[in-house]
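*Asks:* The following block contains the structure, expressed as structure tokens.
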Amino acid sequence: METVWANVAGALTLGRVGFAVGAFVFTFLFSLAATAFVVVRLPVDYFTAVRKPLPLEGKPFGLRIAALVGRNMIGVLLILLGLLMSLPGVPGQGLLMVLLGLMLTDIPGKRRLEQALVRRKLVQRAINGVRERFSKPAIEIPEATTAV
């Protein structure tokens, strides 16, 4: 048992600890900056609008497919990062990152899930707080619908 702790203590060099702290700070700041960038650019009616414009409408088919695949891959990555950031002790705004990832993906039921997330008071306050800092109006919150 002593050799295990000796190996762990030997592996914890100042450089490795510094790298871990640097990676921690970088990912935290990157998630905040990326989230703020997207939240500020969202149209006020993003969550209540009926039809969203198609990305790259009128562009060549190959470019649209490449953009669609790339956007979905980035969206899945953001969802996974958001789920990771939702864990206790991990820095970042997890639910907002999951919401951003969902907004990028094309999966069935995504609109309902986006609306359910944005109806949460914590998420609303976070989004509108960021928008307020950049002098943007608050987003429109969709009404909760009940299944009949």
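The values are calculated or read from the model by the stated rules, or taken from the named source; none is laboratory data. This structure is a prediction, so every number in the text was calculated from the model and none was measured. Ideal geometry is used to build each Cβ from the backbone, glycine not excepted, and the neighbour counts take in all protein chains shown. Protein only, heavy atoms only, side chains kept; ligands, DNA and RNA dropped before computing areas. Shrake-Rupley method; radii C 1.70, N 1.55, O 1.52, S 1.80 Å.
Yes/no matrix, rows are residues, columns are (1) surrounded by fewer than 11 Cβ atoms within 10 Å (Cβ to Cβ); (2) more than 21 Å from Met103 (Cα to Cα); (3) in contact with a Phe, Trp or Tyr (Cβ under 9 Å, 6 or more places away or on another chain); (4) not polar (S, T, N, Q):
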residue	(1), (2), (3), (4)
Gly18	yes, yes, no, yes
Phe28	no, no, no, yes
Pro43	no, no, no, yes
Val50	yes, no, no, yes
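*Asks:* Here's another thing I want to ask about it. Just to check your reading of the model, which residue among Ala20, Ala66 is modelled with pLDDT of 85 or more, of a type outside the set (Val, Ile, Thr), out of contact with any helix residue (DSSP H, G or I) (no Cβ under 9 Å at 6 or more places or on another chain) and assigned to a helix (DSSP H, G or I)?
*Replies:* Ala66 is the lone residue from the list that is modelled with pLDDT of 85 or more, of a type outside the set (Val, Ile, Thr), out of contact with any helix residue (DSSP H, G or I) (no Cβ under 9 Å at 6 or more places or on another chain) and assigned to a helix (DSSP H, G or I).
*Asks:* Can we say Ala144 is within 14 Å of the chain's Cα centre (by Cα) and not aromatic (Phe, Trp, Tyr)?
*Replies:* Spelling it out, it is not the case that Ala144 is within 14 Å of the chain's Cα centre (by Cα) and not aromatic (Phe, Trp, Tyr).
*Asks:* I would also like to ask the following. Please identify the pairs in which a residue from segment 98-112 that is closer than 14 Å to Leu84 by Cα has its Cβ atom under 7 Å from the Cβ atom of a residue that is small (Gly, Ala, Ser), counting only partners at least 6 apart or on another chain.
*Replies:* That search, which allows pairs on different chains as well, returns Val98/Gly82; Gly101/Gly75; Gly101/Gly82.
*Asks:* Give the number of residues within segment 98-119 that are assigned to a helix (DSSP H, G or I), among the hydrophobic types (A, V, I, L, M, F, W, C) and open to solvent by 30 Å² or more (accessible area, probe 1.4 Å).
*Replies:* Of the residues in segment 98-119, 3 are assigned to a helix (DSSP H, G or I), among the hydrophobic types (A, V, I, L, M, F, W, C) and open to solvent by 30 Å² or more (accessible area, probe 1.4 Å).
*Asks:* May I pose another question? When you go through (1) part of a loop (DSSP other than H, G, I, E, B); (2) open to solvent by 60 Å² or more (accessible area, probe 1.4 Å); (3) not β-branched (Val, Ile, Thr) one by one for Leu122, which number turns out not to apply?
*Replies:* Leu122 satisfies all of (1) part of a loop (DSSP other than H, G, I, E, B); (2) open to solvent by 60 Å² or more (accessible area, probe 1.4 Å); (3) not β-branched (Val, Ile, Thr) except (1).
*Asks:* Conditions first: (1) within 14 Å of the chain's Cα centre (by Cα); (2) touching a residue at least 60 places away in the same chain (Cβ under 8 Å). Ala138 passes all but one, so which condition is the exception?
*Replies:* In the conditions (1) within 14 Å of the chain's Cα centre (by Cα); (2) touching a residue at least 60 places away in the same chain (Cβ under 8 Å), Ala138 misses (1) alone.
*Asks:* Could you tell me whether segment 80-92 includes any residue that is aliphatic (A, V, I, L, M) and not in a helix (DSSP H, G or I)?
*Replies:* Looking for residues that are aliphatic (A, V, I, L, M) and not in a helix (DSSP H, G or I), one finds at least one in segment 80-92, hence yes.
*Asks:* While we're here: I'd like to know if segment 53-63 contains one or more residues that are touching a residue at least 24 places away in the same chain (Cβ under 8 Å) and either surrounded by 15 or more Cβ atoms within 10 Å (Cβ to Cβ) or part of a helix (DSSP H, G or I) (or both). Show your work before the answer.
*Replies:* Going residue by residue through segment 53-63, those that are touching a residue at least 24 places away in the same chain (Cβ under 8 Å) are none.
No, because not a single residue in segment 53-63 is touching a residue at least 24 places away in the same chain (Cβ under 8 Å) and either surrounded by 15 or more Cβ atoms within 10 Å (Cβ to Cβ) or part of a helix (DSSP H, G or I) (or both).
*Asks:* Considering only residues that are modelled with pLDDT of 85 or more and in a loop (DSSP other than H, G, I, E, B), look in segment 125-148 and name the one that is nearest to Leu113 (Cα to Cα).
*Replies:* Selected residue: Ile141.
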